[in-house]
1. What is the range 111-170's relative contact order, in percent, from Cα pairs under 8 angstrom and six or more apart in sequence?
2. Among Tyr150, Gln263, Phe280, whose Cα lies farthest out toward the positive end of the dipole of the chain, if unit charges sit on the beta carbon of Lys, Arg (+1) and Asp, Glu (-1)?
3. If you average the sequence gap of Cα pairs under 8 Å that are 6 or more apart and divide by the length of the chain, what percent do you get for the contact order?
4. Report in % the part of the accessible area of the chain that belongs to carbon and sulfur, leaving out ligands and nucleic acids; probe 1.4 Å.
5. When the Karplus curve 6.51 cos²θ - 1.76 cosθ + 1.60 is applied with θ = phi - 60°, which whole-Hz ³J(HN,Hα) does each residue of the range 69-78 get, with x for Gly and Pro?
6. Using a 10 Å Cβ count of at most 14 others and DSSP loop calls, identify the longest part of the chain lacking such GluC sites (Glu not before Pro).
7. Which of the three applies to the range 219-350, rounded, prolate or oblate, going by the alpha-carbon gyration tensor with a ≥ b ≥ c and a/c under 1.5 meaning rounded?
8. Any idea how far the Cα center of the range 212-264 sits from the one of the range 162-194, in Å?
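The values are calculated or read from the model by the stated rules, or taken from the named source; none is laboratory data. Quantities reported herein were computed from a predicted structural model and do not represent experimental measurements. Glycine also receives a Cβ, built like all others from the backbone with ideal geometry; neighbour counts cover every protein chain displayed. Heads up: the accessible areas ignore ligands, DNA and RNA and are worked out on the full protein's heavy atoms, side chains in. Shrake-Rupley method; radii C 1.70, N 1.55, O 1.52, S 1.80 Å.
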Amino acid sequence: MKRVFDTKAAFKAIDNTTAGPERTEAYLKAIQMADISGDVYARLRMRASMAIMVPFWDDTVKVLPVCTEYFALAEEYPEVADIDDIFMTALEAARQSLLLPQLELPVCEKMLKKMEESAYILKRGAVKKSHMLCTEFYTYIDLQKAEEHYNIFNEEKGGMHSACNACDEHLRVWYNMQKGDTELAYKLARKIFNGMECHDIPWQTYAIFLEHYMDIGKVDEHKKFIEKLIRGGCRDASDLANVGTVLRCLAHTNPSRGLKFLQKYWRYSINLWNQHALYFFYKGAWRCCEALYGKDLLLYPPEGFKGDTNSSSPAYFAQWFHNEAVKIAKSFDKRNGTDFYMKDLSRAYL
């Protein structure tokens with residue numbers, strides 16, 4: 001097929017934008033121009049690139065419509081679709097199962113199957129990465145299935161399409177923490193804390209342990225983790241779950257500082273699609289506002305807030321954040337057929 005769209009120029013223009021909503025919008029404009037050109041390769045390539053890159057700086061769920069469009073095009077023009085792009089786009093589509101309770105279970109499992117099928121064609125570490133995602137997904141639903149995927153994940157060799165070593169080790173830490181084997185999780189985490197690093201790690205690993213320390217009432221003994229997470233893991237909308245963990249910590253250690261932190265990051269939650277991130281943010285914001293009861297402090301909602309914009313009382317917002325966290329927790333649990341999220345939320349009352 002004839003190539004008429006200059007993808008190199010499009011990517012250069014995208015790279016010249018600021019990472020965040022501006023860059024996401026640049027991708028959408030480039031996709032629109034590729035569609036107008038009729039260049040099928042460019043239409044596929046721009047969509048695959050957006051699906052892969054946006055989660056690094058913006059609301060991850062924004063890629064879902066683009067993934068859907070990609071697969072419609074790939075089905076229409078299978079001779080043009082690249083297997084690397086097929087797998088990576090399928091991976092990002094399947095990842096939305098972890099973030100959106102609105103996606104019904106059969107739909108989630110269909111997306112996971114598409115990801116696995118393309119992984120076994122591609123190989124080169126893709127199989128390992130697909131079982132990594134399946135491990136996480138089924139941990140919320142069926143621990144036996146999660147264990148099966150976890151074992152395959154550990155047995156499979158890595159490659160250019162597997163996750164980095166830091167992400168692999170983080171998955172092992174997270175999985176064993178969810179199983180209740182905190183001793184093994186601690187042991188595995190030492191590798192990460194001794195220098196493993198990528199875009200998300202060690203920040204998400206600090207968040208795992210901080211949530212655990214709060215659950216057992218020992219967060220005061222690990223304040224250095226809070227400071228590390230604030231410095232490196234609270235950058236933009238893609239880190240909103242980490243922000244929520246920090247807020248929950250500051251509710252215990254320094255509520256007044258927590259209020260300032262909430263005021264700074266609250267805007268990222270407005271119109272966010274990622275329900276998993278919102279759950280952690282709302283949970284932390286609830287506990288932070290609740291810790292401010294009786295203090296002469298005010299909180300001002302950002303533009304776009306859907307509650308009572310005339311209120312500035314942390315007590316009002318504590319109830320609002322709590323109600324929203326409960327809604328999301330119940331939505332995930334209803335979809336998954338478990339009580340995973342509500343159990344997690346109940347530990348935050350302590």
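1. Values: 66 pairs, mean separation 23.2, N = 60.
Computed over the range 111-170, the figure is 39 percent.
2. Gln263
3. On the way: 483 pairs, mean separation 44.8, N = 350.
So the answer I get is 13 percent.
4. On the way: 8410 of 16400 Å².
Carbon-and-sulfur percentage of accessible area, whole number: 51.
5. With coefficients 6.51, -1.76 and 1.60, one gets 5, 4, 5, 5, 5, 4, 6, 6, 10, x Hz.
6. Working: sites that count: Glu79, Glu104, Glu197, Glu303.
The reported range is 198-302.
7. Working: a/c = 1.35, a/b = 1.13, b/c = 1.20.
It is rounded, given that a/c, with a ≥ b ≥ c, falls under 1.5.
8. Between the Cα centres of the range 212-264 and the range 162-194 lies a distance of 20 Å.
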